[in-house]
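Chemist: There's a structure below that I have some questions on.
Each reported figure results from applying straightforward, stated rules to the coordinates on display, with no laboratory input. Fair warning: this is a prediction, and the values are worked out from it, not measured in the lab. No Cβ is skipped: glycine too gets one built from the backbone with ideal geometry, and neighbour counts run over all protein chains shown.
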């Protein structure tokens, strides 16, 4: 198995399941409805819904970077606003999250190992290569999975 395929597997596990640490993003979302997702049980904290839109935005940004695009999200793109809080809108948001994630996993799995040490487009930090970014997106998903798990406790 290539190094990129191993990284893709770690990204998949953090999001879909079979992760060493515990519940993945999707496992945590399995019983979340629109009302719970939109709730703000902690003042000044993001809702579950905002977190999943944020995860989807970064999954898409990393995928686009693999294609050579220098991506920097705006504040609006980083944490998109939730304007429709219906069950249908929640299901659509989760579907968008799954699609963004699936496309990222495919892109990373197909990424050539020979390019893992290359600088990510638009990044100036010497350490910010593709390997660092792919490892970082795993950490990002797990960080927000922890936030989702805590927010669910207020349900």
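Chemist: Hey, with R₀ at 25 Å, roughly what FRET efficiency would residue 115 and residue 1 work out to, going by the Cβ-Cβ distance, to 0.05? Walk me through the intermediate numbers first.
Modeler: Details: r = 17 Å, r/R0 = 0.67.
Here the calculated transfer efficiency is 0.90.
Chemist: So what is the calculated 222 nm ellipticity per residue for the chain, using -39500 (n - 2.57) for each DSSP H run with n of 4 or more, over all residues, to the nearest 500 deg cm²/dmol?
Modeler: Calculated from helices alone, the mean residue ellipticity at 222 nm is -19000 deg cm²/dmol.
Chemist: To the nearest 10 degrees, how steep is helix 3-16 against the longest Cα principal axis of the chain, on a 0 to 90 scale?
Modeler: Helix 3-16 sits at roughly 0 degrees to that axis.
Chemist: To the nearest 10 degrees, how steep is helix 130-152 against the longest Cα principal axis of the chain, on a 0 to 90 scale?
Modeler: The angle comes out at about 10 degrees.
Chemist: Would you order 2, 43 from fewest to most other beta-carbon atoms within 10 Å of each residue's own beta-carbon?
Modeler: 43, 2
Chemist: Here is a further query. How far, in degrees from 0 to 90, does helix 87-109 lean away from the longest principal axis of the Cα atoms of the chain, to the nearest 10?
Modeler: With rounding to tens, the tilt is 10 degrees.
Chemist: May I pose another question? Classify segment 65-106 as rounded, prolate or oblate from the Cα gyration tensor: take a ≥ b ≥ c as the square roots of its eigenvalues, call it rounded if a/c is under 1.5, otherwise prolate when a/b beats b/c and oblate if not. It would help to have the intermediate numbers written out before the result.
Modeler: On the way: a/c = 5.22, a/b = 1.46, b/c = 3.59.
Because a/c hits 1.5 or more and a/b fails to exceed b/c, segment 65-106 counts as oblate.
Chemist: Before anything else, pin down the relative contact order of segment 3-152: Cα pairs under 8 Å, at least 6 apart, normalised by residue count, whole percent.
Modeler: Once normalised by length, the contact order is 36 percent.
Chemist: [x] 7.3; [y] 9.3; [z] 12.2: which one is mean projected area of the Cα convex hull in nm² as calculated from this entry?
Modeler: Label [y] holds the value from this structure.
Chemist: As a footprinting exposure proxy, order 9, 75 by other Cβ within 10 Å, with the fewest listed first.
Modeler: Starting with the residue having the fewest Cβ neighbours, the order is 75, 9.
Chemist: Just want the ordering: 64, 12, from fewest to most Cβ atoms lying within 10 Å of their own Cβ. Let's see the in-between values first.
Modeler: Details: 64 16, 12 21.
So the ranking, lowest neighbour count to highest, is 64, 12.
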